[in-house]
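Take a look at the structure set out below.
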Amino acid sequence: MSPGEAFLRIGELSRRTGVAPELLRAWERRYGLLRPARSDGGFRLYSEADEQRVTLMQAQLKRGLAAAEAARHAIEGSDESPSGAAREHARPELYAGAAQLRVSLDSFDESGAQTALDDLFGAFTVQTVLGSVILPFLVDLGERWSTGDATVAQEHFASQLIRGRLLGFGRGWDGGNGPRAVLACAPGELHDLGLIAFGLALNRRGWRITFLGPDTPVESLTETVDRLAPDLVVVSAIARKRLTPLVPFLKELSQRTEVAVAGAGAATELDGIRRLEADPVSAAAVVGERP
């Protein structure tokens, strides 16, 4: 079967790529990203080449490109960032900064960690540092903690330092005239770094962020939604047991606004509630380009 042979229905293309059918149709309509054929019954059929362009589009969005530019690069078949060779030349600086950050955090060197972050944020976009340095570091740290290769103290120190730094970027993130997202951790959930990262990435796509933080009671979330009438509500948890009891509440809330769940606790479907991608930067790219 050749890459140009069309045989995929939109649902199968969505399943393969992890992109909602509505968004795939929007990318097709706005940017000409997809080039479907028609079946005898009139259904759109997509090819492996379409799938490849969607994958490239996702990669470019993850790098922080605007959707139109990401689509252009995907259509051209290029997986290079817009700054091309200059950006690739800068990759060693990114890797060196990531290594310095890990060494400093593991050794409780706050000054060294802050300097590493200063250098990284000075040379790269927030989305790049989040997606290529901070989030991979946190995943690695969690794995090292689970195997006994990192201590609880190291995990707490690193998480709190990074949390404080990221929240600094969140100052004023509720300003502007864009759509509003209310972000909250489920009741009993104390881990909010992924949600903060999602908020920062979404804010840089023009959204206003109202961040309620960890362990948010259902009543408080309801009051906030009633008061602000947001365009999106995201509830996050790393444990599924935190989210499952909320399904009836979230389904009721979805009658008034768009609702999604995030975090490791949302790794599988929750009775029809929208689930965001595991990577906060990629999730923000998808949400930010609303069909």
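Since every read-out is calculated from the coordinates, none of them should be taken as a lab result. Just so you know, these numbers come straight off a predicted model, no measurement behind them. Backbone-built Cβ (ideal geometry, glycine too); neighbour counts: all protein chains shown.
Remarks
- Adding -39500 (n - 2.57) for every DSSP H run of four residues or longer, then dividing by how many residues the chain holds, sets the calculated 222 nm ellipticity at -16500 deg cm²/dmol.
- Each peptide in 14-21, 230-237, 207-214 receives the mean, over its residues, of other Cβ atoms within 10 Å, and ordering these scores from highest gives 230-237, 207-214, 14-21.
- Prolate/oblate/rounded label for the range 135-183 (Cα gyration tensor, a/c 1.5): prolate
- Built amide H within the under 5 Å cut-off of R208, gap 5+: G178, R180, A181
- Of all segments of the chain bounded by GluC sites (Glu not before Pro) found in a DSSP loop with no more than 12 other C-beta atoms within 10 Å, the longest spans 6-268.
- Under a 5 Å amide H cut-off, with hydrogens placed 1.01 Å from N, G213 pairs with C185 among residues at least 5 apart or on other chains.
- Residue order, fewest to most beta carbons within 10 Å, for K241, K62, K251: K241, K251, K62
- Given charges at Cβ of Lys, Arg, Asp, Glu: the chain dipole, positive-most of L212, L94, L193: L212
- Radius of gyration and maximum dimension Dmax of the chain, Cα, Å: 20.1, 66
- Distant-in-sequence amide H partners of R275 (H built 1.01 Å from N, under 5 Å): V261
- Separation of alpha-carbon centers, the range 95-137 and the range 144-212, rounded to whole Å: 16
- Shape class for the range 84-169: prolate, because the ratio a/c of the largest to smallest gyration tensor axis (alpha-carbon atoms, square roots of eigenvalues) is 1.5 or more and a/b beats b/c.
- Going from the fewest other Cβ atoms within 10 Å to the most, the residues Y31, Y46 appear in the order Y31, Y46.
- Three-way shape call for the range 6-76 based on the alpha-carbon gyration tensor, with the a/c threshold at 1.5: prolate
- GNM result for the chain, Cα springs below 10 Å: residue of R180, R35, R72 fluctuating most strongly: R35
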